[in-house]
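These notes are about the structure you will find just below.
The values are calculated or read from the model by the stated rules, or taken from the named source; none is laboratory data. Given the structure is predicted, the values throughout are model-derived calculations rather than measurements. All Cβ positions, even for glycine, are placed from backbone atoms using ideal geometry, and neighbour counts span all protein chains on display.
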Amino acid sequence: MDNRYGALHMPPVALLLMLIAVTIVCPFGICAESTKWLLFRGTPDGSGSSDAVIQLPLILKWKFQPDIVARQHAISPVTDGENVYYACGRTVYALNSELGRMMWAYDAPQTIACSLALVDDLVVAATGGGHVIALKAKSGTLEWTFRAEAGISIPPISIGEHILVVTHTGTVHMLDAAHGEEAVTAKLPTSIASVPAMSGDWLAMVTSGRRMLIVGLSKTDKGFKIDVLANSPLGVGSSPTQPIARSPFVYVGVGRSLCYYDVRWRKVTRQVPLSGISVGAPALKGDVVYIATRDGVVHAINIQEGKEVWQRKLGQRIYSGVSASSELVWVSAAGGVLYALSASDGKVLWRFKLGDENPLDQKALRIYSPPTVTSDGVYVTSSDGSLYAFASNFIDTHPPTLVSASLRVPSRDPNYFVLYRVDELKADGDVKPVQIPGYPPIRLIVNLADAGSGVDPTGFQATCTRLPQLPLEFDEEKGTLTLNIHVPTGKAARRALPDGEYLVVVSARDYAGNVGRYRLRFRVNNALPLPEPPVEKPAVGAPTAPEGYAPPGGD
């Protein structure tokens, strides 16, 4: 591998044991296609769904980190079942889907700001400078190039043996996929803000002015003809989501509604209310649209009945949207957590926090692109440009890891708290307990990570000597478990902890069923004064809290 292009990370558990995937015989002859995700939203209709049957839990198979670190990477990968292809900066990468090994890399003339497209044996990329390049999927060799008159940030889509690209200025180019020759070009009445969604002989596009543009495609003796059939307002609201086309309707989120745009009547004929502002890319599987809101609520709406089937609040903001497989809904939250929900009732069945594979790195990862879902694996990119691959044909034998533990204690200034580091008590017991004053409120903050199947938030247990109960709360975005250390009095008031030694035992389980137990010991000494409030920010990598910081306590 040419190291200048990036680095591959594979968890030790994935290297140790790898199972042969079970071949599942699917009805209707759809199995072969379930291994592929050829466009930004999988298929030209923009449905964002796959017939893949995926068994949970998934386990992190590999992670690829390019040398160029992005800030707000928002490009979903595509795959032909053999390799996974995506772009970061101006480089196109081809990675072996099973091992994550880089097969080739190609540097484009300018930055690539949108997802790629796979057509036959070609990988097609479009740059912000207007270049369209086609590369051989097997080797990465350049097959042809095309230069548009303006930049391109909307992912190309395939239409039969042609590629359709739309520029910043609203010009449509239909290119012959084999040779890159222009079959037809047309100037649209306005610029486009969404990926085109195709149904039959028409395309639906959302304009930058929040209008629905319906474009007809018809074959002629000279090639294709492009006609604008409708240019209708979508109403007042936030920027619409990506559209989904299923004749005679286009389904699109606008503001706090899922809208049914009827192509026959050229207007919105039905609206289903949502709990918040719709965002990103919805998914359509069967007769159900799955759509997310910015405040982290996923809605399942039966489009035949126009009624909500279920909604699930995840507690994290969502910017990218959702994807769907046979029985699961996949959601990438902005806080860096990938979720798998039950398609029938919205229950959270699995989650993984990006960054758990390297928990000592304090960098916060975000997700700004929807996941790519196939029967061979689920793929998602993080905000720094890393590509994560998850699969179920691996075995996870390692329990969650205790990254750090701290006691949060009030300072003399009631507006600030300080943190005392607590070291895990090992078998030899040779750890001197940290000493703190017992004035409440005191919280034990435990940072946990799992680089295999992910930490299961339902698997926490905690006990403490001398205390009957430990209320706890898990922050999925930060990966922190907070335990309230206090003495119940039967009233709202809390009295100081009595002097003496306390042993807290925390149990954490991952989705593979592995359980880790961690012993944390501290001593309360009420003769100690409350610590001084923090006077400066901690060094990078030191334990921190939003309220402040102090060095670890001692005797």
Does Pro359 satisfy the condition of being outside the structural domain of Asp456 (by TED's automatic domain parsing), touching a Gly at 6+ places or on another chain (Cβ under 7 Å) and either touching a residue at least 12 places away in the same chain (Cβ under 8 Å) or not in a loop (DSSP other than H, G, I, E, B) (or both)? no
Residue check for Tyr439: outside any loop (DSSP other than H, G, I, E, B), over 22 Å from Pro282 (Cα atoms), over 32 Å from the mean Cα position of the chain (by Cα) and not assigned by TED's automatic domain parsing to the domain that holds Gly89: no
Regarding the range 372-379, can at least one residue be identified that is crowded, with 17+ Cβ neighbours inside 10 Å, in the same structural domain as Ala512 (by TED's automatic domain parsing) and of a type in the set (A, V, I, L, M, F, W, C)? no
Checking Val540, Val506 in turn, the sole residue that is of a type in the set (Val, Ile, Thr), at pLDDT 95 or above and either over 27 Å from Asn415 (Cα atoms) or outside the structural domain of Arg408 (by TED's automatic domain parsing) (or both) turns out to be Val506
With of a type in the set (Ser, Thr, Tyr) and crowded, with 19+ Cβ neighbours inside 10 Å as the only criterion, which of Ser247, Ser278 stands out? Ser278
Looking only at the range 291-341, and only at residues there that are of a type in the set (Phe, Trp, Tyr) and part of a strand (DSSP E or B), the one that is surrounded by the fewest Cβ atoms within 10 Å (Cβ to Cβ): Trp310
When residues of the range 92-103 are limited to those that are surrounded by fewer than 21 Cβ atoms within 10 Å (Cβ to Cβ) and of a type outside the set (A, V, I, L, M), the one nearest to Gln72 (Cα to Cα): Gly100
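Criterion first (modelled with pLDDT of 95 or more, crowded, with 18+ Cβ neighbours inside 10 Å and assigned by TED's automatic domain parsing to the domain that holds Asp413) does Leu481 satisfy it?
yes
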Can you find a residue in the range 251-260 that is at pLDDT below 95, within 33 Å of the chain's Cα centre (by Cα) and of a type in the set (S, T, N, Q)? no
Taking the criterion of being out of contact with any strand residue (DSSP E or B) (no Cβ under 8 Å at 6 or more places or on another chain) and closer than 25 Å to Glu477 by Cβ, would at least one residue in the range 421-440 satisfy it? no
Which numbered condition Tyr388 misses (of (1) buried (at least 23 other Cβ atoms within 10 Å of the Cβ); (2) closer than 24 Å to Ser507 by Cβ; (3) among the aromatic types (Phe, Trp, Tyr)): (2)
Reported set for the range 380-394 where residues are in contact with a Pro (Cβ under 7 Å, 6 or more places away or on another chain) and assigned to a strand (DSSP E or B) is Val380, Thr381, Leu387
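Applying the selection to the range 395-419, what residues are in a strand (DSSP E or B) and surrounded by fewer than 22 Cβ atoms within 10 Å (Cβ to Cβ)?
Of the residues in the range 395-419, the ones in a strand (DSSP E or B) are 401-410, 417-419.
Within the range 395-419, Thr401, Leu402, Val403, Ser404, Arg408, Pro410 meet the criteria.
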Do you know which residues across the range 65-114 are aliphatic (A, V, I, L, M) and without any contact (Cβ under 8 Å) to a residue 60 or more places away in the chain? Ala87, Val92, Ala94, Met103, Ala108, Ile112, Ala113
Just give me the residues in the range 44-79 being of a type in the set (Val, Ile, Thr), in a loop (DSSP other than H, G, I, E, B) and either within 18 Å of the chain's Cα centre (by Cα) or over 25 Å from Ala283 (Cα atoms) (or both), in sequence order. Ile54, Ile68, Val69, Ile75
Among residues belonging to the range 377-403 that are of a type in the set (Ser, Thr, Tyr) and out of contact with any Asp or Glu (no Cβ under 8 Å at 6 or more places or on another chain), point out the one that is farthest from Val92 (Cα to Cα). Thr397
Every residue from the range 209-241 that is among the hydrophobic types (A, V, I, L, M, F, W, C), in contact with a Pro (Cβ under 8 Å, 6 or more places away or on another chain) and under 15 Å from Gly170 (Cβ atoms): Met212, Leu213, Val215, Val228
Test: Pro370 is modelled with pLDDT of 95 or more, within 30 Å of Ala292 (Cα to Cα) and assigned to a loop (DSSP other than H, G, I, E, B): yes
